[in-house]
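Data first, discussion second: the structure below is written as structure tokens.
The values are calculated or read from the model by the stated rules, or taken from the named source; none is laboratory data. It should be emphasised that the depicted structure is a prediction, and the values quoted were computed from it without experimental measurement. Glycine also receives a Cβ, built like all others from the backbone with ideal geometry; neighbour counts cover every protein chain displayed. Side chains included, ligands, DNA and RNA excluded: accessible areas come from the protein's heavy atoms. Shrake-Rupley method; radii C 1.70, N 1.55, O 1.52, S 1.80 Å.
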Amino acid sequence: YKLMRYVVISQPRYLPVIPYLQRIHNSDIFVFLDNVQRQARGWENCNKILINCYEKWLTIPVSSSSREKINKAKISGTEWIEKHKKTIYFTYKKAPYFDAKILEDYYSGIEEVLKKTNFSYRDTLIQFIKNLCQIFDMKCNFELASELVGDGLKGNENLLRICEKVGADIYVSGANGRVYGVKEYFEKRSKIKVKFHIPSPIVYKHFNCKEFRPNMCFFDVVFNIGYKETKKLIHQKW
């Protein structure tokens, strides 16, 4: 009996949602897709918090062009760190499960990484995710796409070559992968199976809003339902 090797490939993310953390925890190998252009209007360097039913975006400023690849992009300065921390603190300090330690731990070492790596976009986002692995006791085995297959490949070919390189049996894609023909592409060219992670909806009560707002960053979840319940959600098997 052979254990299946589950591989997830995704861009690194700031203030990720819970399903993203579920994919990290449940994967045998999680590959950071750093050999593609950054998403100028995507969810890589930003996400939402909820201020009295108003959805506010927190965005890491980037000094590089939107056409720059993730592994080459640069972040603009360090001032945003304190600004974001304060905004999160004052937004959630009255939440039922607010925990200042989780806030501190998430931003721990970020300024040092920025200075040490010459403001690397990729390395900073990855440090945030490593911090989350520690906070939520997540199983994390990380690789970099650029180190596995270089920078020249595109689209589904890029994903397939990465999977082959790490010996994947099953490639786990987010729901969006269904739009890009990933399953069909893999079926024609390899024996690697494609599975889509379609997470169960996570519905909870916001302390500062009567109507439910989905897809908030993990802070909104953990400060509203508590560390233990959030950890349980992250550790759910797929």
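Structure data summary
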| item | result |
| --- | --- |
| Output for the range 20-31, where each listed residue is open to solvent by 30 Å² or more (accessible area, probe 1.4 Å) and under 30 Å from residue 210 (Cα atoms) | 23 |
| Hits in the range 70-125 (condition: hydroxyl-bearing (Ser, Thr, Tyr) and over 30 Å from residue 145 (Cβ atoms)) | 87, 89, 91, 92, 97 |
| Scope the range 171-193; condition farther than 27 Å from residue 131 by Cβ and in contact with a Cys (Cβ under 9 Å, 6 or more places away or on another chain); matching residues | 186, 190, 192 |
| Residue in the range 157-176 that is farther than 30 Å from residue 52 by Cβ, assigned to a loop (DSSP other than H, G, I, E, B) and among the β-branched types (Val, Ile, Thr) present | yes |
| Test set (1) under 16 Å from residue 16 (Cα atoms); (2) touching a Phe, Trp or Tyr at 6+ places or on another chain (Cβ under 8 Å) - residue 123 fails condition number | (2) |
| Some residue of the range 154-175 being in contact with a His (Cβ under 6 Å, 6 or more places away or on another chain) and either of a type in the set (Asp, Glu) or open to solvent by less than 20 Å² (accessible area, probe 1.4 Å) (or both) | yes |
| Residue that is least open to solvent (accessible area, probe 1.4 Å) [pool: residues in the range 181-218 that are over 20 Å from residue 15 (Cβ atoms) and touching a Lys or Arg at 6+ places or on another chain (Cβ under 8 Å)] | 186 |
| Every residue from the range 201-238 that is free of Cβ contacts under 8 Å to residues at least 24 places away in the same chain and closer than 25 Å to residue 6 by Cβ | 201, 229, 232 |
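Per-residue answers, yes or no, for (1) in a helix (DSSP H, G or I); (2) touching a Leu at 6+ places or on another chain (Cβ under 9 Å); (3) within 30 Å of residue 93 (Cβ to Cβ):
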| residue | (1), (2), (3) |
| --- | --- |
| 191 | no, no, no |
| 196 | no, no, no |
| 203 | no, no, yes |
| 212 | no, no, yes |
| 215 | no, no, yes |
| 222 | yes, no, yes |
| 232 | yes, no, yes |
| 236 | no, no, yes |
